[in-house]
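Just below is one structure, and these are the notes that go with it.
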Amino acid sequence: MPDRRAQLESLSIDREAETERSGLSVGTTAVIALIAAGLSAGGTWYVMRGEADAPPRETPVQPASAPAETPAPQSQTPAPAPRASGLVASGYVVARRQATVSAEITGRISEVLVEEGTVVEAGEVVARLDDERAQIQLRLLSAQRDSALARTRSLMAQQAESERVLERARTLEERGIGSAASVTSAQAQFDSLSAQINAARADYQAASAQVASQEDLIDRHVVRAPFAGIVVAKNAQVGEILSPASAGGGFTRTGVATLVDMDSLELEVDVNEGQIGRVSTGQSVEARLDAYPDWRIPAHVEAIIPTADRARATITVRVAFDESDSRILPDMAARVVFAE
C-alpha cells in the first residue's frame, strides 16, 4: 500500500515548481489574468452600446418588377417539322411486283448465278438446268431435218431428169418415131417424183419444226429474271431438282430465287371499318417505320381495297411512298398518320 501511494505522488504535477521555473509568482499571474478579463468585458460593453445608440439601418425596398426571364438554352437540333394529325393505322411494307423465279420444266440444277442482294436486270440469267439429254435430242432432230432436206434435193434432181425424158418422148411421138406409151411412162415418172418431192419437203418442214421445238426446250433450261429487281432469297442449290409443279420438300425445289422490284414497294395498312370514312384516295399520309422511328416519310393513299375482313372488322388501304429510299425493305412494320 505505501508503495502504490508513492507511485501516485510521483505522477502529480508540482505547480509551484513550474511557476518558479517560468520566473513568475502565482500572485503575479493571477493579477495579469484579472486585468485581461476586465479589458475584454469593457470592450464588449462599448461595442454593444454603440450599436444600440445608432439609428436602425433602412433596408432599401426593391420595386416590384417581373422576374427576369432566363433565356432557354438553344437546342442544337432544328425544330421538328409540323406533324400530321389524324387517324393512325399500322401495317407492313409490301412489294407490288414480287416473284419466285423458276423454270417451266423439271430438271436438275447445274448452275445458280445469283445470291441474296444481287441486282438483276430483266432477262438476265439467274440459273441453268442440266440440258445434256435435250442437246442429244436436238442433234438427232437436226440430223433428221438435214436428211429430209437432202432427200428433197435428190428427188428434185431426179425430177429434172424425168422432165427431160418426158420432153424427148413427146418430141419423138410428134415425129412419129416414138410411141405414146413412152410418153405416158415418162409422164408418170415425172408425176411420181413431184409427189415424192412434196412429201420430202413436208418431212423437212416437220423436222425443222421439231428442231425449233427442241431448241425452245433447251432455252427453257435457262432461268431468267422476269423483271429488274433485287434477289431477296435464294431458294435452291446446285444439284437439287427443280420442279415447278411439285409441292417441294427434300431435294425438290419449286423456285430458284425470290425477286423483288424495289420501285414497287408500298404500305398495306389495316383501318378499322368504323373509321374508313376518314380515308380517301390521294389523301396525304405520314409514314413512320418501326426501324427508323424518327424518320417521317411523305406518302399518299393509293387505293382502298373494296373488301373488309370480317374477323378483324378492318379494311386494307394501300399507301404509296412519295419518294423511294434504299432503307425501305419488304415486310418492315410501319405506322401511318392520315392527314386531316
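Read-outs: derived from the displayed coordinates by stated rules, not from any lab. Note that the coordinates shown come from a computational prediction; the quantities given were computed from them, not determined experimentally. We place every Cβ from the backbone using ideal geometry, glycine too, and count neighbours over all the protein chains shown.
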Practice task
Return the long-range amide H neighbours of LEU87 (sequence gap of 5 or more, or a different chain), with a cut-off of under 5 Å between placed amide H atoms.
Solution key: PHE338
Handout entry: Backbone HN-Hα couplings from phi across region 303-319 [Karplus 6.51/-1.76/1.60, Hz, Gly and Pro as x]
Key = 6, 10, 5, x, 7, 10, 8, 5, 5, 9, 6, 10, 10, 7, 10, 8, 10
Problem - Net charge, LEU217 excluded, C-beta distance under 12 Å - Lys, Arg +1, Asp, Glu -1 - result: -3
Completion exercise
Charge tally for neighbours of ASP309 with beta carbon under 11 Å away, counting Lys, Arg as +1 and Asp, Glu as -1, is 0
Problem - Translational D in µm²/s for region 117-262 (Stokes-Einstein at 20 °C, 1.002 mPa s, Kirkwood Rh from C-alpha pairs) - result: 106 µm²/s
Exercise for the section: Compute the FRET efficiency between ASP146 and ASP309 as 1/(1 + (r/R0)^6), taking r as their Cβ-Cβ distance and R0 = 56 Å, and round to the nearest 0.05. Expected result: 0.30
